[in-house]
Every structure is written in structure tokens, then in C-alpha cells.
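Asks: So that we are looking at the same thing, I have put the structure below in C-alpha cells.
The values are calculated or read from the model by the stated rules, or taken from the named source; none is laboratory data. Everything numeric here is computed off the predicted structure, so don't read it as measured data. Virtual Cβ from ideal backbone geometry, glycine too; neighbours counted across all protein chains shown.
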Amino acid sequence: MKVLVSGSSGHLGEALVRTLNRQGHAVVGVDVVQSPFTTHVGSITSRAVARACMRGVEAVLHTATLHKPHVFTHSPQAFVDANITGTLNLLEEAVAANVRAFIFTSTTSAFGNALTPPPGKPAAWITEEIAPQPKNIYGVTKTAAEDLCQLFSRNQGLSCLVLRTSRFFPEPDDNEVARCSHADANLKANEFLYRRVDIADVVSAHVLALERAPELRFDRFIISATTPFTRTDLADLRSDTAAVMRRRVPRFEPVYSALGWSTPTDIDRVYANERARSHLGWNPQFDFERILWHLERGEDPRSDLARLVGAKGYHGQRSFGDIPYPVGHVP
């Protein structure tokens, strides 16, 4: 199958191109950044670029986007251009090319303010039924692009699936308190309890979505590691996370103790992936139990693919001092 991957020089784009090539697919990669995984250097905000990339394509994996780390370095108009206009260009060209599947990579950040209950309230159990409450231009443009996908599925008959991925980036956390209180590996291991996914599982979800899209027509799925928690744990997760972990994953204690690691003090949301597992047939391999299994053996808990792709950053060679990317105004 000939597959177009937008954003092919990025974290996920590279991982998808590597995987699709290994599986014997013909891959067309488009990105504004040149790389060994990109065949067309250009922006999908250009209709001519979108049309040229779509020639002969049978399916689209649309990962190109401006991300949350760009919110304070790029204008709102740049987000609208890249995330909305770029998506519209690809959708229209996909319809014209009669592609069989269009997979849009979205984000759990789209849920926005719905992810943070007030102090004293139970943690939020986040499913696809939760209404997004975007809190920045990134979330606004991603939810708008999702709606465009739904519109094209309904009105033009284009099979579109939206995958809302949780964290899989390898860069350090932007939260200074978190960075200073936990080692980076500790933070990321903790996140597999409720808000992280390995890039290998993100890739497997996209490849599976290519197969299932013609049958499912349109749907949205949360793509995050399977949590060990249940809805009955939500209140305790805000007040005594360690106690819940002892109840659900007791083997963590000797592992964490040996490493000098600490548990989260307050988990405010849990991403639930049941719909992706039941409707899409997704079977993620990396969860907190697997992370512990590797740590017990002194091994790197990341997948081979995650180690191969590595860290890319979001701003080229630009530096922001001791923070991975800005969270306030940048002149």
C-alpha cells in the first residue's frame, strides 16, 4: 500500500516511516524539515505541496502539527495555518485522490481544562465521551482539525479515524517543580500509570487504524498505556497515590526503593484506553508492569523503536536555558 506520512521528520513520523518501510509499504513522507524519512520537503499549508504528495496515495497518516511546546514561540495564526488549514488541504486532496483511509494524530491535550478537577475532588477518568475544553491555541486547533475529519467522513464519505495520543516525547518535562523533584526516568515511569504511552504502541495503533478505518468509517480513540487503576481509585489518587499503587501494583515498592525513586503525590487524571482496545482491537505492549519488569533487570524500559528514534526537540538548535521549551512569553 502507498501511504503518505505528514510530519515524516518528527518523532512519530520517523517511527511510522521506519515501520511502514519494514512492512513493505511504499511511503511518501512530507515535512518542512529534510531528513532521510522525508521525500517531499515542504509545508502542507501549501495546496500545491499537499496535491503533489497525494499522487497515487492509498492512505494517509497525518501527524504534522505545531505542538504545545510551540505555543509561546509561534503565533496563533501559525497554529491555524499548520493545524487547521494544513489538515483541510490534506483532507480535500485525499477525497480527490479517493484514498481508503485517513488517520489523524490528535492529542489528549485537547481535553484541556477537563483534565484538572478542583482540589479535593477525585481524579478525572478520561474517556472519549469527555467533552474537550481546550485551554490554548494548540488544543483549539487540534479539536477543530478533528471536527474537519468528522465532517469529511460524514459529507464526503472519507474513512477517518482520530487518535488522541498521550505523552510519548522523550524530552524533559516542562514543569520545573516536577523536573526538580524527580529524576526524568522516574517521572516518565510514573506517567505510565495514567498519562504516557511508548512510541512503539502509538505506531501499532496507527498501523491498525489504517486497516480498520474503512470498516469503522469515523471514530475517536484515546491512545495511552493501559492503566492499572480503576474508577474506584479516583478519590484516593488525589490524596494517597502510593496506597493505591500498593493495592494495584505492589511490586513497585522494592524497585522504586532500590532506585531511590518516589511515587506521584497527586494524580489528577487517568486516561482510559478501553475503547481503543475493544473497538480498534489495539493491544498496547508497554504499561507500568512492563516498565517495572525492565527496571528489575536493570534494563532501559523504552521500546527498541523509542531508543532508535531518540529525542528531536521542537525548536531546532534554539536554546531556552535550563528549560526544554518555554511556558511563558518569548520575545
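Asks: I need every pair where a residue in segment 258-280 that is of a type outside the set (Asp, Glu) and surrounded by fewer than 17 Cβ atoms within 10 Å (Cβ to Cβ) has its Cβ under 7 Å from the Cβ of a residue that is in a loop (DSSP other than H, G, I, E, B) and at pLDDT below 95, sequence separation at least 6 or different chains.
Replies: 262/182
Asks: Out of segment 224-243, which residues are at pLDDT 95 or above, part of a helix (DSSP H, G or I) and more than 15 Å from residue 182 (Cβ to Cβ)?
Replies: Result: 231, 232, 233, 234, 235, 236, 237, 243.
Asks: Sort through 262, 278, 224 and tell me the only one that's touching a helix residue (DSSP H, G or I) at 6+ places or on another chain (Cβ under 9 Å) and under 30 Å from residue 99 (Cβ atoms).
Replies: 224
Asks: Related question: Answer with yes or no whether residue 135 is closer than 24 Å to residue 225 by Cβ, in contact with a helix residue (DSSP H, G or I) (Cβ under 8 Å, 6 or more places away or on another chain), among the basic types (Lys, Arg) and surrounded by fewer than 21 Cβ atoms within 10 Å (Cβ to Cβ).
Replies: So residue 135 passes the test.
Asks: What are the residues in segment 250-278 that are within 19 Å of residue 125 (Cα to Cα) and not charged (D, E, K, R), if any?
Replies: First pass over segment 250-278, keeping only residues within 19 Å of residue 125 (Cα to Cα): 264-278.
Once the filter is applied, which keeps residues that are within 19 Å of residue 125 (Cα to Cα) and not charged (D, E, K, R), segment 250-278 yields 264, 265, 267, 270, 271, 272, 273, 276, 278.
Asks: Let me ask you something else. Look through segment 85-120, keep the residues that are at pLDDT below 95 and out of contact with any strand residue (DSSP E or B) (no Cβ under 9 Å at 6 or more places or on another chain), and return whichever of them is nearest to residue 151 (Cα to Cα).
Replies: 118
Asks: Looking at 196, 251, which is the one that is charged (D, E, K, R), surrounded by 19 or more Cβ atoms within 10 Å (Cβ to Cβ) and touching a helix residue (DSSP H, G or I) at 6+ places or on another chain (Cβ under 7 Å)?
Replies: None of the other options fit; the residue is 196.
Asks: Hey, another quick one. Taking the options 302, 246, name whichever one is part of a loop (DSSP other than H, G, I, E, B), of a type outside the set (Phe, Trp, Tyr), at pLDDT 95 or above and in contact with an Asp or Glu (Cβ under 8 Å, 6 or more places away or on another chain).
Replies: Result: 302 is the single residue among 302, 246 that is part of a loop (DSSP other than H, G, I, E, B), of a type outside the set (Phe, Trp, Tyr), at pLDDT 95 or above and in contact with an Asp or Glu (Cβ under 8 Å, 6 or more places away or on another chain).
Asks: If you don't mind, there's one more thing I want to ask. Show the residue pairs that are 6+ apart or on different chains and have beta-carbon atoms under 8 Å apart, the first residue being within segment 62-73 and on the phi > 0 side of the Ramachandran plot, the second being acidic (Asp, Glu).
Replies: none
Asks: So, in segment 147-175, how many residues would count as being under 21 Å from residue 211 (Cα atoms) and crowded, with 21+ Cβ neighbours inside 10 Å?
Replies: Matching residues across segment 147-175 total 11.
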